[in-house]
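**Student:** The structure's right below; bear with me while I get my questions together.
The values are calculated or read from the model by the stated rules, or taken from the named source; none is laboratory data. Only a predicted model underlies this, so the values are computations on that prediction, with no experimental measurement involved. Backbone-built Cβ (ideal geometry, glycine too); neighbour counts: all protein chains shown. For the accessible areas, the whole protein counts, side chains as well, though only heavy atoms, and no ligand, DNA or RNA atoms are used. Shrake-Rupley method; radii C 1.70, N 1.55, O 1.52, S 1.80 Å.
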Amino acid sequence: MLIAGLIVAAFLGPLFVWRKSDSPSVARYGIASAAAVVGAAVTPIGMGQCAFAEETSGVDHVLAWALMAGGAWLALIITQSVFDKLDGKKTGGGGVAGEIRTGGYRMGWWVPWLLLSPTLIILAVFLYTPAIQTFTLSSKLTRLGAPRSKDVCFGNFSELLITDPVRLVAYPLLAIGFIYAARLWVTRSTPDTWSRRGADITSVVAMLSAFVAFYAMFSAGGGGQVAYRPVYLNTVIISVGIVVFGMVGGLAIAYLAFRQIKGGGVYRTLLIWPYAISPAVAGLLFFMIFDPNAGIFTYTMESWFGIDVPNYRESAILAQMAIILASSWKIIGYNILFYLAGLQTVSIDQVEASLIDGASARQRFTKIVLPALSPITFFLLVTNLTYAFFEVYGTIDFMTKGAPAGKTSVAIYEIIRVGVNNGDLGRGAAQSVLLFLAVIGVTLWQFRTSGERVSYGGS
Amino acid sequence: MKYRLMVLAAAIALVAAACGGGADATTTTAADAGGGTPAATEAPGGGEPIDIDFWVAFSDEKRLGFAQDRAAEFNAAHPEYNVKVTSFASYNDVFDAAVLAVDSGEPPALIHFFEAATRQALDAVDSSGNKIFKSVTEAIGGRTEILGEPVVLDNVVSAARDYYTIDGELFSMPWNTSSTVLLSNMDILNAAGVTKPPETWGEVTAACEKVMAMTDAPSGCISWPNHSWFAEQSLGQQGELLANNDNGRSGRATEVFLNSKGMIDYVSWWKDLADKGYYTYTGQQRDWGGVDSAYLAGELAMMVDSSSDTVIHTEEAKDLGFELLASFMPRNENVPYVGNLIGGATIWMLDGMDTTKEDGALAFMNFFSNPENAAAWHQLTGYVPITEDAVDLLNAEGWYEAEPNAKVASDQLAAAANTPASLGALIGNFVGIRDILTIAIEDILVNDLDVATRLGQANEEANKSLSEYESLFGN
């Protein structure tokens with residue numbers, strides 16, 4: 001199995017270089033082939049080929065192949081960038097970065113590394129080393145204070161997935177195929193025709209199909225598998241809710257607060273305060289508001305208006321809404337701050353010109369302000385999503401503890417429950433790796449899709 | 001304005017990047033509680049006092065404050081030692097921190113750890129494979145007095161002694177020990193025509209029927225936290241084992257029974273109460289505070305609670321103006337009663353200290369639970385008095401005549417037969433197994449699932465979890 005994979009990698013290497021390079025030479029094909037083989041071989045050899053041992057399942061093989069493909073791909077990208085550098089191709093975009101690179105400074109190659117070294121050392125010790133340890137841990141069954149640990153290979157991952165390897169491979173391939181087909185349709189159709197509109201709608205549906213594919217890939221539980229599908233669904237619902245609520249709300253409030261109003265400075269400062277509160281305190285605050293027994297909101301509604309407010313922790317929808325509300329309230333101040341700063345960069349000239357041309361307030365907002373804010377929106381999208389993925393533990397722990405019946409247990413909450421509270425370090429690490437890959441994946445996807453539409457001004 | 005905002009935005013971005021996700025510290029340190037008296041910091045002969053770190057899993061003023069005050073008193077009496085109390089948010093936090101501290105070379109002397117994790121504490125080893133904790137009985141070595149403090153270990157009440165005795169000896173020093181009691185709001189029960197607290201499941205259901213039929217009925221009749229401890233208590237009452245090998249007492253437990261008849265009957269009764277609208281689920285697992293506040297707000301006629309708060313709640317009820325009566329935890333009337341078990345925690349001593357430091361730690365532990373202190377601890381909270389001498393002291397003071405509610409837990413434990421079922425189980429990864437059970441029960445209550453089927457799934461999960469634990473820790 002391993003050998004077969006390496007042979008495939010050896011052939012794919014030259015193919016990759018042929019696609020990317022203008023003038024590939026035979027030597028480069030050889031180097032690429034070797035690099036792909038090395039990249040593909042690193043993980044299976046590092047893991048002692050455990051995935052191809054006798055008692056492994058088809059899912060283990062799929063995961064091992066995916067890892068080999070990833071390794072080969074990474075190795076090829078690095079090789080290609082080395083080739084590009086040798087050819088003297090410029091990498092990276094224009095803008096400030098380009099100016100700095102082409103600027104008048106001439107210094108040794110080591111100077112930037114020297115200046116970066118304090119940060120890099122800290123990152124290496126406190127971030128990269130633990131991250132690598134997490135990867136190692138994720139292939140083990142181990143607990144704190146245990147006299148021994150056991151290697152379980154991909155066991156901590158495969159128990160989160162469906163047990164049928166064919167479907168496991170088919171779902172993502174189908175989703176990717178759908179997305180590419182939709183993009184092809186978009187590029188082939190002419191703008192402002194029904195065909196194009198259909199293509200646009202299809203490409204949105206295709207994007208959503210990726211979410212569905214992941215949903216189908218995770219196990220629904222039973223038969224010794226971990227029911228990770230509900231956790232995935234909760235994470236998607238709650239994260240999307242937080243990002244949409246936080247960003248739309250943040251922009252709306254910032255747009256209103258940006259106007260010239262009396263005492264605007266004080267007002268704007270106060271709006272930013274929720275950001276200074278820790279997620280746990282945000283959870284506690286909303287708990288105090290909505291708690292069925294002691295909550296201010298419930299008490300007021302009941303005693304003043306006679307409305308019996310249901311216990312938000314007993315209904316999945318209410319509980320998820322409460323978490324979204326508390327978490328987006330906490331991040332909204334941050335979004336307001338950046339949007340306020342961003343609004344100051346909107347060109348007054350353009351706004352005035354549009355006023356003369358008779359643009360309505362809505363048109364000014366959608367055609368001038370929103371595009372001008374797109375870099376900030378993109379930045380906030382990434383930071384908000386990171387927040388929604390990683391920093392809602394405290395809020396959830398205070399408000400619902402995952403209730404009702406796990407309906408508000410998102411990925412990060414599950415990681416801490418399994419890895420810290422129950423002391424199952426290997427499983428916790430495996431789920432962390434999964435979340436890590438998810439964030440990388442979503443961010444890359446955002447770079448590809450939003451990146452095209454972000455306007456940084458200038459040329 | 002423009003630039004200030006930009007700078008502020010940049011600064012926040014930097015702070016956010018620097019903080020990453022690690023902003024939630026769960027532990028708080030009580031600043032050198034032992035150093036409260038000047039005498040504590042000056043050892044005779046000018047030497048520095050020996051630090052004895054005592055890590056406690058309480059963070060409320062009453063309980064943590066009690067530990068800090070006792071430490072200060074001990075330090076004043078023994079200036080050559082300095083007992084330092086550090087507070088942690090939970091038992092698990094204490095344990096994890098202690099195991100990591102052992103490997104980093106600065107372990108505490110004593111830690112406070114709970115009953116369900118007794119197996120885990122006995123099994124724990126450091127990175128070179130040595131046991132982390134030392135048997136307190138072995139360290140005392142038959143002495144009756146250490147540094148002038150009388151040894152009280154042999155005087156521990158039998159319920160706690162029997163629970164924590166493994167292979168014939170007490171490994172840790174029992175501290176906070178409680179049992180489950182029924183706390184009835186007699187004003188509501190009397191109004192509904194119920195004159196005494198119900199004793200059995202059937203009586204609870206009948207009482208609730210009357211309570212909820214009132215025109216000014218409270219929003220619910222009864223509640224208790226969805227904590228595995230209550231189910232374990234119920235198994236003890238019904239005389240059923242939670243794990244094989246006599247609940248893990250005649251050998252390591254290798255199998256658990258989460259879907260035994262006793263468990264299914266208990267959860268079915270529970271679900272029936274919930275379906276009829278008698279049982280109020282706060283919507284959260286292990287929600288002690290939520291049940292407390294609903295009960296004290298008069299929204300419940302009864303709650304099943306840990307006796308650890310009986311004294312506190314009795315006082316609160318007095319302030320709120322209703323009569324609170326404590327009684328035994330309701331039992332299954334269809335099977336003979338066997339016995340309730342204890343819950344709570346003990347103090348574990350870490351291995352590897354030199355004799356002087358170890359004696360200081362041992363002396364402190366025995367001072368901490370001397371009759372006066374043990375009685376005061378009981379009177380402050382409602383945890384059972386942990387030694388026989390403390391019970392005698394309380395009797396002599398006439399405490400129980402004044403506070404009959406405080407005696408219920410001790411009486412209930414005394415009424416229990418000494419069988420493996422009523423002693424409670426010692427199971428590896430008990431914390432994780434408890435979690436599996438509470439999740440299943442929540443699922444049953446919230447999603448209206450079949451009790452036997454869902455508990456069967458939980459049992460499968462729990463046994464997988466236990467066999468994994470045993471493959472790491474077992475022989």
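**Student:** Evaluate the following for residue A:163: is it at pLDDT 90 or above and either assigned by TED's automatic domain parsing to the domain that holds residue A:437 or closer than 20 Å to residue A:61 by Cβ (or both)?
**Tutor:** Criteria met by residue A:163.
**Student:** On the given criteria, is residue A:184 away from every other protein chain (no Cβ under 14 Å) and within 28 Å of residue A:222 (Cα to Cα)?
**Tutor:** no
**Student:** Considering only residues that are under 31 Å from the mean Cα position of the chain (by Cα) and over 21 Å from residue A:44 (Cβ atoms), look in the stretch A:1-17 and name the one that is most open to solvent (accessible area, probe 1.4 Å).
**Tutor:** Selected residue: A:15.
**Student:** Which one of these is within 14 Å of another protein chain (Cβ to nearest Cβ) and buried (at least 22 other Cβ atoms within 10 Å of the Cβ): B:437, B:455, B:449, B:362?
**Tutor:** Checking each option against the conditions leaves just B:437.
**Student:** Something else now. Answer yes or no as to whether residue B:475 is assigned to a loop (DSSP other than H, G, I, E, B), closer than 27 Å to residue B:247 by Cα, at pLDDT below 95 and more than 13 Å from chain A (Cβ to nearest Cβ).
**Tutor:** For residue B:475, the condition - assigned to a loop (DSSP other than H, G, I, E, B), closer than 27 Å to residue B:247 by Cα, at pLDDT below 95 and more than 13 Å from chain A (Cβ to nearest Cβ) - is not met.
**Student:** Checking residue B:241 against (1) hydrophobic (A, V, I, L, M, F, W, C); (2) open to solvent by less than 40 Å² (accessible area, probe 1.4 Å); (3) part of a loop (DSSP other than H, G, I, E, B), only one condition comes out false. Which one?
**Tutor:** For residue B:241, the exception is condition (2).
**Student:** Which one of these does residue B:326 not meet: (1) open to solvent by 20 Å² or more (accessible area, probe 1.4 Å); (2) more than 24 Å from residue B:454 (Cβ to Cβ); (3) away from chain A (no Cβ under 14 Å)?
**Tutor:** It fails just one condition, (1).
**Student:** Scan the stretch A:327-335 and give yes if some residue there is free of Cβ contacts under 8 Å to residues at least 60 places away in the same chain, more than 10 Å from chain B (Cβ to nearest Cβ), in a helix (DSSP H, G or I) and among the basic types (Lys, Arg), otherwise no.
**Tutor:** There is no residue in the stretch A:327-335 that is free of Cβ contacts under 8 Å to residues at least 60 places away in the same chain, more than 10 Å from chain B (Cβ to nearest Cβ), in a helix (DSSP H, G or I) and among the basic types (Lys, Arg).
**Student:** What's the number of the only condition in (1) of a type outside the set (A, V, I, L, M); (2) surrounded by fewer than 19 Cβ atoms within 10 Å (Cβ to Cβ); (3) in a helix (DSSP H, G or I) that residue B:250 fails to meet?
**Tutor:** Checking residue B:250 against (1) of a type outside the set (A, V, I, L, M); (2) surrounded by fewer than 19 Cβ atoms within 10 Å (Cβ to Cβ); (3) in a helix (DSSP H, G or I), the one that fails is (3).
**Student:** Now for a different question. When you go through (1) within 14 Å of another protein chain (Cβ to nearest Cβ); (2) modelled with pLDDT of 95 or more one by one for residue B:372, which number turns out not to apply?
**Tutor:** (1)
**Student:** Between a residue in the stretch A:134-154 that is assigned to a helix (DSSP H, G or I) and any residue that is open to solvent by 20 Å² or more (accessible area, probe 1.4 Å), which pairs come within a Cβ distance under 8 Å, given they are 6 or more apart or on different chains?
**Tutor:** A:134/A:432; A:134/A:436; A:137/A:425
**Student:** For residue A:418, which of the numbered conditions (1) farther than 18 Å from residue A:157 by Cβ; (2) within 9 Å of another protein chain (Cβ to nearest Cβ) fails to hold?
**Tutor:** (1)
**Student:** Considering the stretch B:408-434 alone, what residues qualify as being in contact with a Leu (Cβ under 9 Å, 6 or more places away or on another chain) and either among the acidic types (Asp, Glu) or surrounded by fewer than 22 Cβ atoms within 10 Å (Cβ to Cβ) (or both)?
**Tutor:** B:420
**Student:** Being within 11 Å of chain B (Cβ to nearest Cβ) and surrounded by 15 or more Cβ atoms within 10 Å (Cβ to Cβ), is that true of even one residue in the stretch A:367-375?
**Tutor:** no
**Student:** Turning to a different aspect of this structure: Starting from residues that are within 16 Å of residue B:290 (Cα to Cα) and in contact (Cβ under 8 Å) with a residue 24 or more places away in the chain, keep the ones in the stretch A:270-305 and report whichever is surrounded by the most Cβ atoms within 10 Å (Cβ to Cβ).
**Tutor:** Result: A:283.
**Student:** Residue A:267: of a type in the set (Phe, Trp, Tyr), open to solvent by 30 Å² or more (accessible area, probe 1.4 Å) and without any contact (Cβ under 8 Å) to a residue 60 or more places away in the chain, yes or no?
**Tutor:** In short, yes.
**Student:** Something else now. Taking the stated definitions as given, is residue A:343 under 30 Å from residue A:368 (Cα atoms), open to solvent by 40 Å² or more (accessible area, probe 1.4 Å) and more than 9 Å from chain B (Cβ to nearest Cβ)?
**Tutor:** no
**Student:** Further question on the same structure: Does the stretch A:306-313 contain at least one residue that is buried (at least 24 other Cβ atoms within 10 Å of the Cβ), at the interface with chain B (Cβ under 9 Å from one of its Cβ atoms) and among the hydroxyl-bearing types (Ser, Thr, Tyr)?
**Tutor:** Yes, the stretch A:306-313 contains a residue that is buried (at least 24 other Cβ atoms within 10 Å of the Cβ), at the interface with chain B (Cβ under 9 Å from one of its Cβ atoms) and among the hydroxyl-bearing types (Ser, Thr, Tyr).
**Student:** Moving on. So residue B:398 clears everything in (1) over 19 Å from residue A:227 (Cβ atoms); (2) open to solvent by 30 Å² or more (accessible area, probe 1.4 Å) except one condition, right? Which one?
**Tutor:** So the condition that residue B:398 fails would be (2).
**Student:** Any residue that is surrounded by 21 or more Cβ atoms within 10 Å (Cβ to Cβ) and part of a helix (DSSP H, G or I) - is there at least one of those in the stretch B:274-288?
**Tutor:** No, because not a single residue in the stretch B:274-288 is surrounded by 21 or more Cβ atoms within 10 Å (Cβ to Cβ) and part of a helix (DSSP H, G or I).
**Student:** Any idea which residue in the stretch A:24-63 is surrounded by the most Cβ atoms within 10 Å (Cβ to Cβ), counting only those that are in contact (Cβ under 8 Å) with a residue 60 or more places away in the chain and among the polar types (S, T, N, Q)?
**Tutor:** Residue satisfying both the conditions and the ranking: A:56.
**Student:** Let me spell it out: the conditions are (1) part of a loop (DSSP other than H, G, I, E, B); (2) out of contact with any Leu (no Cβ under 7 Å at 6 or more places or on another chain), and residue A:310 meets all of them except one. Which number is the exception?
**Tutor:** The failed condition is (2).
**Student:** To continue, here is another question. So which residues in the stretch A:348-362 are surrounded by 10 or more Cβ atoms within 10 Å (Cβ to Cβ) and either among the acidic types (Asp, Glu) or touching a His at 6+ places or on another chain (Cβ under 9 Å) (or both)?
**Tutor:** Once the filter is applied, which keeps residues that are surrounded by 10 or more Cβ atoms within 10 Å (Cβ to Cβ) and either among the acidic types (Asp, Glu) or touching a His at 6+ places or on another chain (Cβ under 9 Å) (or both), the stretch A:348-362 yields only A:352.
**Student:** Just to confirm my filter: which helices (runs of 4 or more DSSP H) fall fully inside the stretch B:77-192 and include at least 3 residues that are away from chain A (no Cβ under 14 Å)?
**Tutor:** Answer list for the stretch B:77-192: B:136-140, B:158-164, B:186-191.
**Student:** Counting only residues that are over 24 Å from residue B:381 (Cα atoms) and surrounded by fewer than 21 Cβ atoms within 10 Å (Cβ to Cβ), which one in the stretch B:172-191 is farthest from the chain's Cα centre (by Cα)?
**Tutor:** If we take residues in the stretch B:172-191 being over 24 Å from residue B:381 (Cα atoms) and surrounded by fewer than 21 Cβ atoms within 10 Å (Cβ to Cβ), then B:191 is farthest from the chain's Cα centre (by Cα).
**Student:** Any residue in the stretch A:131-144 that is crowded, with 16+ Cβ neighbours inside 10 Å, farther than 26 Å from residue A:237 by Cβ, touching an Asp or Glu at 6+ places or on another chain (Cβ under 9 Å) and among the aliphatic types (A, V, I, L, M)?
**Tutor:** yes
**Student:** Residues that are modelled with pLDDT of 95 or more and under 30 Å from residue A:344 (Cα atoms): find the helices (runs of 4 or more DSSP H) completely inside the stretch A:169-279 holding 3 or more of those.
**Tutor:** Where helices (runs of 4 or more DSSP H) fall fully within the stretch A:169-279 and carry at least 3 residues being modelled with pLDDT of 95 or more and under 30 Å from residue A:344 (Cα atoms), they are A:229-257.
**Student:** Here's a follow-up. If you check residue A:394 against the conditions, is it within 9 Å of chain B (Cβ to nearest Cβ), part of a helix (DSSP H, G or I), closer than 20 Å to residue A:276 by Cβ and of a type outside the set (A, V, I, L, M)?
**Tutor:** The answer is yes for residue A:394.
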